Amino acid sequence: MCEASPSSEGSTTSRGAMPRIGDSAPDWTAPTTHGALTFSEWQGDSWAILFSHPADFTPVCSTELTEFGRRADEFAQKNTKLIGVSIDSIHSHLAWVQNLGEILNCRLPYPLIADHDRTVAELYGMIHPGEATTVTVRALFIIDPKKKIRAIIYYPLNVGRNVEEVMRTLTALQTADGNGVACPVNWVPGEKVIVPPPKTMEEVDQRLASDYEKLDFYLCKKDL
Ligand code: BEZ
C-alpha cells in the first residue's frame, strides 16, 4: 500500500496546526484515484482547490462532489485544478466514483486523495473534533500558483457547500490580482470593483478628479 507522507519544503504549517490565509500550502505525497501524487508537482503553475468531504457513499457528499465534477471544465478555464480528500481507502474511492457515475451521471474527472492515515487532513486542519473525530469536515482551500493559501471555507457535516460561491470567490481573487482592485459585497463578474483607498493626499486629489463612482474618497468603484 502507498502511504501518504508530508513534505515540509515550502510549508509554514506544521502537522496538526490550522493553516491560515497567506500561509504556504502544506505539501504532501499521497495515493489518489489518479495514482500517487505530490501536491506541489501535481498543481504546477495552476491554481488549485483542495476540498475535503466527510465520507464516501454519503448523500450530501455525493451531491457536492458531482457538482464539482460537472463544473470541472469551468474551473479548468480559470486555470484551476480540483482535488478532493477524505479519510477513506483507495478501494472505497474507486467504488464510489463508479457508483456516482451510475446514479448521478457524473464520473468525477478530478482526483480523490485516499487519506487513510490522515496526513492531509491533519496538515490542513480538516478534522474538527467538536463536530466529528473520525471524519473530515467540509473544508475547502483555494491555493494560488505561488502555492499560497488565498481563501478557506469550512462547512459542517450536514450542510453542502455552494459551488457557485466557490467559483465566485476564485473569480474575485483572480480579478483582484489581475487588476489591483478589490471586490465588494455580493460582487459577480461584470459588476464594478473597488479601487484601493488612497494613501497620500496627492492620491486623494487624483481620486477626486477621476471619473470613478465616488461615494467618498475612500470608497470608489470603477468598471473594468
Ligand atoms: C453526507 O454527506 O450526507 C453526510 C456525511 C457525514 C455526516 C452527515 C452527512
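For n ≥ 4 DSSP H runs only, could you compute -39500 (n - 2.57) per run for the chain, divide by its residues and tell me the 222 nm figure to the nearest 500?
-9000 deg cm²/dmol, from helical runs alone.
For E131 and E203, calculate 0.36 nm times their separation in residues minus their Cα-Cα distance, and state this gained length in nm to one decimal.
Value of the extension gain: 21.1 nm.
Note down the net charge around G180, summing +1 for each Lys or Arg and -1 for each Asp or Glu among other residues with Cβ under 15 Å from its Cβ.
My count for the surroundings of G180 gives +2.
Using modelled backbone amide H atoms (1.01 Å from N, in-plane), which distant-in-sequence or interchain residues come within less than 5 Å of A151's amide H?
Long-range HN contacts for A151: I142.
Checking the cross-link filter: which lysines have an alpha carbon closer than 21 Å to that of K146, excluding same-chain neighbours under 8 positions apart?
Hits, sequence-local ones excluded: K78, K81.
Taking every pair of alpha-carbon atoms in the range 144-224, what share in percent sits in each 10 Å bin, from 0 to the bin with the longest distance?
15, 39, 28, 14, 3, 0
Among the aspartates and glutamates, which have Cα under 20 Å from the Cα of K147 when same-chain residues fewer than 8 positions away are ignored?
Output for K147: E9, D23, D27, E41, D45, E122, D177.
Roughly speaking, what is the centre-to-centre gap between the range 69-87 and the range 157-224 when only Cα atoms are used, to the nearest Å?
Comparing the Cα centres of the range 69-87 and the range 157-224, I get a distance of 25 Å.
In nanometres, what is the gap between the two model label sites at R168 and E102, each 7 Å from Cα along Cα-to-Cβ?
So the label points at R168 and E102 sit 3.7 nm apart.
Tell me, what HN-Hα J-couplings in whole Hz come from the Karplus equation 6.51 cos²θ - 1.76 cosθ + 1.60 at θ = phi - 60° for each residue of the range 139-155, using x for Gly and Pro?
Whole-Hz 3J(HN,Hα) from phi for the range 139-155: 9, 9, 10, 9, 10, 7, x, 8, 6, 9, 6, 10, 7, 9, 10, 10, 10.
If I model a spin label as a point 7 Å beyond the Cα along the Cα-Cβ vector, how far apart are those points for D177 and I21 in nm?
1.5
Give the aspartates and glutamates reachable from K214 as a straight Cα distance under 16 Å; neighbours fewer than 8 places away on the same chain don't count.
Within the straight-line cut-off, K214 pairs with E191, E203, D205, D223.
Would you mind finding the longest exposed-site-free stretch of the chain, with exposed GluC sites (Glu not before Pro) meaning DSSP loop and at most 14 other Cβ atoms within 10 Å?
Maximal segment without exposed cleavage sites: 10-190.
Ranked by Cβ crowding within 10 angstrom, fewest neighbours first, how are V120, V60, V185 ordered?
V185, V60, V120
Considering the Cα positions of the chain, please state its Rg to one decimal place and its Dmax as a whole number of Å.
Spelled out, the Cα radius of gyration and Dmax of the chain are 19.7, 66 Å.
By DSSP, what percent of the beta bridges with both residues in the chain are antiparallel, rounded to the nearest 5?
In the chain, DSSP labels about 75 percent of beta bridges as antiparallel.
Can you tell which of V185, G69, I152 lies farthest toward the positive end of the dipole of the chain, using +1 and -1 charges on the Cβ of basic and acidic side chains (Lys, Arg; Asp, Glu)?
V185
Determine, for C106, C61, the number of other Cβ atoms within 10 Å of each Cβ, and report the residues in order from fewest to most.
Numbers: C106 18, C61 22.
Sorted ascending by nearby Cβ count, the order is C106, C61.
Every number here is computed from the coordinates shown, using simple stated rules; none is lab data. Please read these numbers as outputs of a predicted model, since none were measured by experiment. Methodologically, a virtual Cβ is constructed for each residue, glycine included, from the backbone with ideal geometry; neighbour enumeration extends over all protein chains shown.
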